[in-house]
1. Quick one: order Val23, Val101, Val84 from most to least accessible surface, probe 1.4 Å.
2. For the cross-link pairs Lys20/Lys40; Lys59/Lys98; Lys36/Lys59, which exceed 23 Å when the distance is taken from alpha carbon to alpha carbon?
3. Set the Förster distance to 30 Å, then compute FRET efficiency between Glu83 and Asp106 from the Cβ-Cβ distance, nearest 0.05.
4. Please turn the phi angles of segment 25-36 into ³J(HN,Hα) values with the Karplus equation 6.51 cos²θ - 1.76 cosθ + 1.60 (θ = phi - 60°), one per residue in order, whole Hz, x for glycine and proline.
5. As an exercise, use a Förster radius of 22 Å and the Cβ-Cβ distance of Asn13 and Arg73 to find the FRET efficiency, rounded to the nearest 0.05.
6. Report the normalised scattering of segment 31-127 as log10 I(q)/I(0) at q = 0.12, 0.13, 0.22 Å⁻¹, calculated by the Debye formula with identical scatterers on the alpha carbons.
7. Dipole size in debye (nearest 20) for the chain around its Cα centre, Lys and Arg Cβ +1, Asp and Glu Cβ -1?
8. Running Debye on segment 1-74 with equal point scatterers at the Cα sites and no solvent, what base-10 log of I(q)/I(0) appears at q = 0.18, 0.25 Å⁻¹?
Amino acid sequence: REMRYYLKIKTENIQSRIEKEKVGIREFLKWIRENKDYYKLFIEAHVHRPNMLIWHYTKLAERYSIGLSEAMRRGEIINVDPEVLSYVLIGISEILGKRYVVWNNDEIPNHVITEANKIIENLLRPK
């Protein structure tokens with residue numbers, strides 16, 4: 001809940017959905033840098049409370065899908081299954097967090113943000 005609120009505050013005044021996603025990844029990586037235990041909780045939940053983990057991701061994807069659906073209706077992003085897209089975007093952020101924050105225990109290199117932004121732009125831009 002804390003992470004979702006943090007990201008909501010950081011992105012709520014951004015009108016463009018693509019820009020919102022770019023800022024969201026950058027801010028998620030900043031948040032995870034300060035909250036590395038987040039990943040430990042999910043590892044433990046995967047083993048000891050899998051239903052809680054499933055509930056977390058299901059609710060996260062449901063909420064995420066609402067904003068993505070609205071952006072699709074406005075023609076801002078590609079028109080695909082919003083649930084699938086929400087899981088893809090969640091997955092991108094989570095694995096970047098693991099790779100560059102948890103495994104390296106270091107600052108996120110600027111080129112990672114730049115490359116992630118290019119990927120998000122090309123993934124979401126309507127064709």
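1. Order by accessible area, largest first: Val84, Val23, Val101.
2. Result: Lys20/Lys40 exceed 23 Å.
3. With R0 = 30 Å, the Cβ-Cβ based efficiency is 0.35.
4. So the J values, rounded to whole Hz, are 5, 4, 6, 4, 5, 5, 5, 5, 4, 8, 9, 4.
5. 0.60
6. Summing over Cα pairs of segment 31-127 leads to -0.48, -0.56, -1.17.
7. 120
8. So the normalised log intensities work out to -0.82, -1.22.
The values are calculated or read from the model by the stated rules, or taken from the named source; none is laboratory data. The model shown is predicted, which means the values in this text are computed figures rather than measured ones. Reconstructed Cβ throughout: ideal geometry from the backbone, glycine too, with neighbour counts over all protein chains shown. Accessible surface is based on the protein model in full, side chains and every heavy atom, while ligands, DNA and RNA are left aside. Shrake-Rupley method; radii C 1.70, N 1.55, O 1.52, S 1.80 Å.
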